[in-house]
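Submitted below is the structure of interest, expressed as structure tokens.
What follows draws every value from the coordinates through simple rules; no lab data is involved. Remember, predicted model here, so these are calculated numbers, not experimental data. Please note: Cβ atoms are built from the backbone with ideal geometry, for glycine as well, and neighbour counts cover all protein chains shown.
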Amino acid sequence: MAEAVAKSTGGAGALPTPPVAPRKSVTGTRLWVAVLFLLPALVLLGALVVYPIGYSVWRSLFDADGSGFVGFDNYVDIFSDDSTLTAVRNTAIWVAVAPAVVTALGLIFAVLTERVRWGTAFKLIVFMPMAISMLAAGIIFRLVYEADPNQGVANAVVTSVHDAFADSSVYPKARPNAQVSDLKASGGGSFTTTGTVKAGSPALLPLVGIAPNKLPGTPQDAEEATGDGVTGTVWLDFKLGGGGEKGRIDAGEKALKGVKVEAVKDGKVVASTTSGADGTFSLPEKADGAQLRLPGSNFAAQYDGIDWLGPTLVTPAIIGSYVWMWAGFAMVLIAAGLAGVDRNLLEAARVDGANEWQVFRRVTVPLLAPVLVVVLVTLMINVMKIFDLVYIIAPQASYDDANVLALQLYLVSFGGGGDEGLGSALGVVLLLLVLPVMWVNIRRLRKERQR
């Protein structure tokens, strides 16, 4: 009975119940205060991200001018149009190749620069292209890939290496005068005389097809060969202002130096020589009675390098410019991760007998795996929306071969296509392609927080 009374009256020894405080968040901030501070960011996020995505999805269901509802016809057109399929294929190549190459180079640079004294300077040089905009980088590499070796750095290097190991033609586009010359085409770009050469009777081999002021160097005037042996002269049977007799060496006509001349008997070369500065040449006695042949190597078109921006190589060439820009980014991130690696683990592996390659492959790379994944995923998202480099570097003739989804979206919507419905559908497809990569990245970040 006493306990019941005590409970009903509160009892003399009962403690007062403290008042319940308003519920706060984990950080101690009231919920409405947090929402108030987040509201401007949420408004901007909705205006700049959510609304454009929603409007793009809605707009993709209409025709070019937005007046007629077409449903999913725009999406059907995407996968039935050849140029769009090429863009999808090239985007897949970009995603598969560019991030992997950039990450690999960044890893190599980060590891090697730790072993040299001038590593900091090297990192600065490699990272410097990141300070250049995509527009500027595109202009730079458009000049680098210029077809003319006198302007394009890439072809200047290629032609220099080629010419170091292969003889270049002396007079490309030169040819005999068919009206007065005994030289006739004999296959492979070569020319052979119909008659034979005799000792003591100099052979005359006139050529045309070259302007006198376009001859390399400072050519001398042609001279008629003398002597009792098998001799002859190779010269340009033309001079500025005209005049003279065709098939004869006239005053002022220029000698062709360095032309290879072969003596051929029964289809076999028995002797060969090259013309001198005055155009004359001399062959040994065994050439008597042979036909004279000027090989096609004298007239082959000059090697002008590689067509970097042609249909075959335009995509790899542009990927090369992307690698040049982003290798520094990958190197810096990987170097930061490498700085946190416990050096005792590396030394322990070396003490156990591992060589440097085994230490790198079995210890360094596994320890850097989280950083490598971050770099790889970031670059994959980046290349999916690549636009600037392709738009600037690829010439108009190679747009179809270098096309990517972002560029196709621009061309279809604003670059002359005028079909905003199809462009919106392309934007939605591009978003759907990016979402899985973003999802993988978010999952990885959550796992990192749980550790």
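For a Förster distance of 22 Å, can you work out the FRET efficiency between the beta-carbons of Ala131 and Phe387, rounded to the nearest 0.05?
Working: r = 20 Å, r/R0 = 0.90.
For R0 = 22 Å, the calculated efficiency reads 0.65.
Now for a separate question. Suppose every K and R has +1 on its Cβ and every D and E has -1 on its Cβ; what is the size of the dipole of the chain about the Cα centre, in Debye to the nearest 20?
Numbers: 36 positive and 38 negative charges, 486 e Å.
Dipole magnitude for the chain comes out near 2340 debye.
Next question. Please report the net charge: other residues with Cβ closer than 12 Å to the Cβ of Ala271, K and R +1, D and E -1.
Details: positive: Lys260, Lys265, Lys268, Lys286, Arg293; negative: Glu262, Glu285, Asp288.
The answer is +2.
What is the local net charge at Val332, summed over the other residues whose Cβ is closer than 15 Å to its Cβ (Lys, Arg +1; Asp, Glu -1)? Intermediate values should be presented prior to the final figure.
Details: positive: Lys123; negative: Glu114.
Residues near Val332 contribute 0 overall.
Which angle from 0 to 90°, rounded to the nearest 10, does the C-alpha axis of helix 134-144 make with the longest principal axis of the chain?
Taking the Cα atoms of the chain, the angle to 134-144 is about 20 degrees.
Hey, if you put +1 on the Cβ of every Lys and Arg and -1 on every Asp and Glu Cβ in the chain, which of Leu431, Gly310, Leu345 ends up farthest toward the positive end of that dipole?
Sorting the options by dipole projection puts first Leu345.
So if I take the centroid of the Cα atoms in region 387-430 and the same for region 237-290, what is the distance between those two points in Å?
Computed from Cα coordinates, the inter-centre distance equals 57 Å.
Something else about it: Please give the charge dipole size of region 175-298, origin at the Cα centre, charges +1 on K and R Cβ atoms and -1 on D and E Cβ atoms. Round to the nearest 20 debye.
Details: 14 positive and 14 negative charges, 100 e Å.
Taking the Cα centre of region 175-298 as origin, the dipole is about 480 debye.
What residue among Ala136, Val126, Asn150 has its Cα farthest toward the positive end of the dipole of region 106-163, where the charges are +1 on Lys, Arg and -1 on Asp, Glu, each on the Cβ?
Toward the positive end, the furthest listed residue is Val126.
What number, in nm² with one decimal, is the all-direction average of the projected area of the convex hull of the alpha-carbon atoms of region 103-206?
13.7
Semi-axes of the equivalent ellipsoid of region 122-182: what are they in whole Å, largest first, if each equals the square root of 5 times a C-alpha gyration tensor eigenvalue?
On the way: eigenvalues 358, 45, 4 Å².
With the √(5λ) rule applied to region 122-182, the semi-axes are 42, 15, 5 Å.
Right, another one. Mind listing P(r) for region 175-298? All alpha-carbon pairs, 10 Å bins, whole percents.
In whole percents, the pair-distance histogram is 14, 49, 31, 5, 0.
Multiply the residue gap between Val434 and Lys198 by 0.36 nm, knock off their C-alpha separation, and tell me the result in nm, one decimal place.
Details: separation 236, 0.36 × 236 = 84.96 nm, distance 7.85 nm.
Net length gain for the segment: 77.1 nm.
Among the lysines, which fall within straight-line cross-link reach of Lys268, defined as a Cα-Cα distance under 24 Å, with same-chain neighbours fewer than 8 residues apart omitted?
Those lysines meeting the cut-off are Lys184, Lys198, Lys260, Lys286.
Another question, if that's okay. Assuming R0 = 51 Å, can you tell me the calculated FRET efficiency for the pair Leu42 and Ile108, based on Cβ-Cβ distance, to the nearest 0.05?
Details: r = 43 Å, r/R0 = 0.85.
So, using R0 = 51 Å, E works out to roughly 0.75.
Set the Förster radius R0 to 45 Å, insert the Cβ-Cβ distance between Asp250 and Arg361 as r into 1/(1 + (r/R0)^6), and round the FRET efficiency to 0.05. Display every interim value, and only then the final one.
Numbers: r = 74 Å, r/R0 = 1.64.
According to the calculation, E is roughly 0.05.
Let me ask you something else. Which ³J(HN,Hα) values in Hz, rounded to whole numbers, follow from the phi angles of region 310-315 under the Karplus curve 6.51 cos²θ - 1.76 cosθ + 1.60, where θ = phi - 60° and Gly and Pro get x?
Ordered by residue, 3J(HN,Hα) equals x, x, 7, 10, 5, 5 Hz.
Per-residue HN-Hα couplings for region 334-345, Karplus 6.51 cos²θ - 1.76 cosθ + 1.60 at θ = phi - 60°, whole Hz, x for Gly and Pro?
My calculation for region 334-345 gives 5, 5, 5, x, 5, 5, x, 6, 5, 5, 5, 5 Hz in order.
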